[in-house]
1. Please name all residue pairs, on different chains or six or more residues apart, with Cβ atoms under 7 Å, provided the first residue is in the range 220-240 and is in the same structural domain as Asp254 (by TED's automatic domain parsing) and the second residue is hydroxyl-bearing (Ser, Thr, Tyr).
2. Any residue in the range 298-325 that is among the basic types (Lys, Arg) sitting within a Cβ distance under 7 Å of a residue that is part of a loop (DSSP other than H, G, I, E, B)? List the pairs, counting only those 6 or more apart or interchain.
3. Of the residues Asp349, Asp321, only one is closer than 23 Å to Leu376 by Cα and surrounded by 20 or more Cβ atoms within 10 Å (Cβ to Cβ); which?
4. Of Arg213, Arg170, which residue is within 30 Å of Leu128 (Cβ to Cβ), in a helix (DSSP H, G or I) and of a type in the set (Lys, Arg)?
5. Could you check the range 100-116 and list, in sequence order, the residues that are without any contact (Cβ under 8 Å) to a residue 40 or more places away in the chain and assigned to a strand (DSSP E or B)?
6. On the basis of being out of contact with any Gly (no Cβ under 6 Å at 6 or more places or on another chain) and buried (at least 17 other Cβ atoms within 10 Å of the Cβ), does Ser390 make the cut?
7. Report, by residue number, each residue of the range 193-229 that is within 34 Å of the chain's Cα centre (by Cα), among the basic types (Lys, Arg) and farther than 18 Å from Leu274 by Cα.
8. Name the one entry in Ala335, Ala378 that is crowded, with 22+ Cβ neighbours inside 10 Å, small (Gly, Ala, Ser) and under 28 Å from the mean Cα position of the chain (by Cα).
Amino acid sequence: MGLDRHHMLSLHNVFEGLRLGLCDFSGPSRVALIYAQKPGEPLRVVDPQNLLEGHEPRLREYYLDSGEWAEGLPDPQHVTYFDQAKSKRVGLAGLISLGGRSPGVSYQMWFTDRHVDLCSPGPSRRWLELALLQFSHNLAAQDILALDSVAHMLQEMAPHAVHDFIVDERSQSIGPDTRLRVYNILGAIMQISKTPEEGAWARGLLAFVEPARLSRLHYLMRFPKAERPRLDNGKHVRKMLQTVERSRRMLVSDGEHIIGIATGELPAASLCALFNGRHGLLFLDGKLVCSFSDGAFQSTNRKPNLVILEEALLEWPLDADQRDALFGSVSRIVACAGEQKYGCALIVDPYTPLLPLSGHTLEAPLNLENDEQLALAAALAKVDGALHLSAVKNQLCGFACLMDGPSFPGEDRSRGARYNSALRFTHSHPELIVVVVSSDRPVSVMQKGADISRPPVWPAVPSMLRPPPTLEHWLSGPA
């Protein structure tokens, strides 16, 4: 079957808008789609960056061998718009997926990367849902003049995806009858996060509670009804946040006004914004929804990503207890550096005896399983130079250590001296691992002269998508 120009333009604009929006929300992200426009047509695959690569056996089983994908799906002519509840998720490891049916498109299943630092897959699924709806609408409407704005609209959908996820979750918890206006709350959070007070950025907890449940809180103080600060007065609310900084107290809002200051547990379906200076975290019922910084919502939980270090340690001759203890110590030091925004480097040394290094040695090594000594190790990381850790004993054996080595072609001139010193050092000592923390949060893991934590390079998305192959042809691979 040939695909007409309107079909290809609709597919390209929805695909690119979704991909670029998710890249802004979650960092570099890929998108893929399996779909059939009309009943009885073969399924087609859109995957220009190889997101589905490695999942071919499961896709063949799910879509071709068993026909499991079609079980329980309603007739698309009897679906008012779409039905995602009965469109089963394929369940591919490391991916987020969402599908549905509609009169415009008989079947769609969208996929994107599930990042290791994701707060919650919920907003990303709502984004996939928006793409599903838009693609269905575009093919059903056949309005080519409306296609120009589709990509731009989907690219800017972060607040709407977060909003839709929160509304859906709260509706399941307490029903649709709610007086909290989530769009207004999200707008107020953005305004407060961008409002400094005497040169300092917002810190503290701001809770949004369903008005009918406000009486369940333990208040330390309440404002008279006529004097309650309005939530949309961001400057006033920002000033009030100073009263709960670095404490267990929280400002409480009904979504329109600040009610007072309280402590203790919150009722079900409550939203909380935790402001941490230039960034913050948004919670629903104590579970992370997303983070926010620089006037935008993001999917990251802002924790250092050390998964690649954990994988690299599996190659070393350590038992499970040694590996877990070492990984926990490194993670704590890295997290401390990120929270206090200083750069540092950690040399993880598997040798016995340790590699001799130029730097400050200790009369007795610090036992990193001791909390007090681990905190001291994190403080020593602030001194110029690297920490020297024994992988076998989980000890700090030196600090302010110099990492030197001859220049080699794998250096990255776009990065700083600490980063390139670690590259040179691990190139000269391939058995070591060096973890580099930059003051602006990125964490790099070096081994054998390479940054093994660097994201893979994916194929570029073409300027216009090509007609997608059928699933059967795609699974058969290149001829």
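The values are calculated or read from the model by the stated rules, or taken from the named source; none is laboratory data. As the structure is a computational prediction, the values presented were derived from the model and not from experiment. Here Cβ is always computed from backbone atoms with ideal geometry, including for glycine, and neighbour counts include all displayed protein chains.
1. Short answer, once both residue conditions are applied: Leu220/Thr263; Leu231/Ser253; Gly234/Thr195; Lys235/Thr195; Arg238/Thr195.
2. Matching pairs, first to second residue: Lys303/Asp117.
3. Details: Asp321 fails: surrounded by 20 or more Cβ atoms within 10 Å (Cβ to Cβ).
Testing whether each residue is closer than 23 Å to Leu376 by Cα and surrounded by 20 or more Cβ atoms within 10 Å (Cβ to Cβ) leaves just Asp349.
4. Working: Arg213 fails: within 30 Å of Leu128 (Cβ to Cβ).
So the residue among Arg213, Arg170 that is within 30 Å of Leu128 (Cβ to Cβ), in a helix (DSSP H, G or I) and of a type in the set (Lys, Arg) is Arg170.
5. Gly100
6. Values: out of contact with any Gly (no Cβ under 6 Å at 6 or more places or on another chain): yes; buried (at least 17 other Cβ atoms within 10 Å of the Cβ): yes.
Yes: the conditions hold for Ser390.
7. Within the range 193-229, Arg213, Arg216 qualify.
8. Values: Ala335 fails: crowded, with 22+ Cβ neighbours inside 10 Å.
Only one candidate qualifies: Ala378.
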